[in-house]
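Enquirer: I have a structure here, written as structure tokens, and I will follow up with some questions on it.
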């Protein structure tokens, strides 16, 4: 019995960061509340656009409108995160997001809600997220210490997975029962709650002291990235997985082709990857012991690609959902190690900028993946687009591992090791 408990404790998620760091508890709770609330607006905006217009083009246009702010402001937000007091900046971004969401609330109460207002207020929401997320993620290593970064990232993965599974489900209930206004109102309330919780943290001093121009910091961060094969390999790996092998845009077509008499399966297709990622994050006790994070990323993305290719080949509900769940678990394992690499291999004064680049890839990559999958499927077939993307992801990942051996050989520094030295000029 004791041996069984020891084995289970070795697999179960490590909650040491929550026990050891008061500031991480506040950061974690505030972020978790915000993620859950954001799911309501993520579901409500396309629901309202389609309800008002009956056009999927209107929904696609919203994605196009928000793509540029996501890519631009994530990078800018990362540079700002390195030169400001991060706690205050994160709270300020929560307030900016609240402003956009309140605009959505007010607009939805009108007899004829304004379409332009939905795009504008939704874009404000996205800008607030893009500006604040790099500072929030860059703060983790500051509040937990270098030795607990992998475990902290695994804990954040749990809250993110729960938000992606429970948030849309709850949003659907609210939309069906009381309407769009209340769905937006729930999100607005979570901005307030998150801001109050995060404001309880101790101030987080800037990493760079002085009036450094933001654009100059962005350029400096890009130069550093070009010289770091470990970070470059991590970012390119994620971009490869999202652009080539992400099949989400084809889920509606898959549901029609495979399950024409079971429309409810579509919702299960969307939920299955996050269910797999949730299981993987709950069983992430390995994260506190593993040091070969580059190899973990490489193997995980190969598994992800093979799982997505399998999803394109199999038939039946169980096998389809299982393939997606395995892929989601592999993607989560990859994400935990990629975040560990980013925070541990970056000098302290560059963590914010590297998080900004990472967030731009994490948010922009899936949208590029949707374009790839949709275009290829329209010229060939849905199964071919999925299978070829998954296998292509595997080939590119193996080629990347050969081209950047320093990435696959990367090992986390031993406990107590100093942070890597930076090349930025601190004034």
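Read the figures in this text as sums done on the coordinates, not as results from a lab. Bear in mind that the values here come from a model prediction, so they are computed numbers and not experimental data. When we count neighbours, we look across all protein chains shown, and the Cβ atoms used for this are built from the backbone with ideal geometry, even at glycine.
Enquirer: Find how much the distance from residue 120 to residue 59 grows on full extension, using 0.36 nm per residue of separation minus their present alpha carbon separation; answer in nm with one decimal.
Expert: Answer, rounded to one decimal: 20.6 nm.
Enquirer: With a Förster radius of 41 Å, plug the Cβ-Cβ distance of residue 223 and residue 289 into 1/(1 + (r/R0)^6) and report the FRET value to the nearest 0.05.
Expert: Result of the calculation: an efficiency of 0.75.
Enquirer: How large is the helix-only mean residue ellipticity at 222 nm for the chain, computed as the sum of -39500 (n - 2.57) over DSSP H runs with n ≥ 4, divided by its residue count, in deg cm²/dmol to the nearest 500?
Expert: So the helix-based figure for the chain works out to -26500 deg cm²/dmol.
Enquirer: Would you calculate the separation in nanometres between label points at residue 315 and residue 399, each defined as 7 Å from the Cα along the Cα-to-beta-carbon direction?
Expert: For residue 315 paired with residue 399, the spin-label model returns 3.3 nm.
Enquirer: At a Förster radius of 51 Å, what calculated FRET efficiency corresponds to the Cβ-Cβ distance of residue 256 and residue 68, to the nearest 0.05?
Expert: Once the sixth-power term is evaluated, E becomes 0.95.
Enquirer: Between residue 196 and residue 85, what's the calculated FRET efficiency when r is the beta-carbon distance and R0 is 22 Å? Round to 0.05.
Expert: 0.80
Enquirer: Quote the convex hull volume per residue of the chain, based on C-alpha atoms, as a whole number of Å³.
Expert: Numbers: hull volume 64.5 nm³, N = 427.
Per-residue hull volume (Cα only) is 151 Å³.
Enquirer: How would 62, 73 line up from fewest to most surrounding beta-carbon atoms within 10 angstrom? Show your work: numbers first, answer last.
Expert: Numbers: 62 19, 73 24.
With the fewest neighbours first, 62, 73 line up as 62, 73.
Enquirer: Students often check this: by mean Cβ neighbours within 10 Å, which of 130-143, 171-184 ranks highest, and how do the rest follow?
Expert: 130-143, 171-184
Enquirer: Moving on. Would you mind ranking 146, 292 by Cβ crowding within 10 Å, fewest neighbours first?
Expert: So the residues, fewest neighbours to most, are 292, 146.
Enquirer: Where the centroid of each part is defined by its Cα atoms, how far is the range 157-172 from the range 230-279 in Å?
Expert: So the separation of the two Cα centres works out to 15 Å.
Enquirer: Cut-off is 10 Å between beta-carbons; in what order do 261, 125, 238 appear when sorted fewest neighbours first?
Expert: 261, 238, 125
Enquirer: Over all pairs of distinct alpha carbons, what does the Kirkwood formula give as the hydrodynamic radius of the range 177-294, in Å?
Expert: Kirkwood radius, the range 177-294: 20.2 Å.
Enquirer: If I model a spin label as a point 7 Å beyond the Cα along the Cα-Cβ vector, how far apart are those points for residue 378 and residue 50 in nm?
Expert: 1.8
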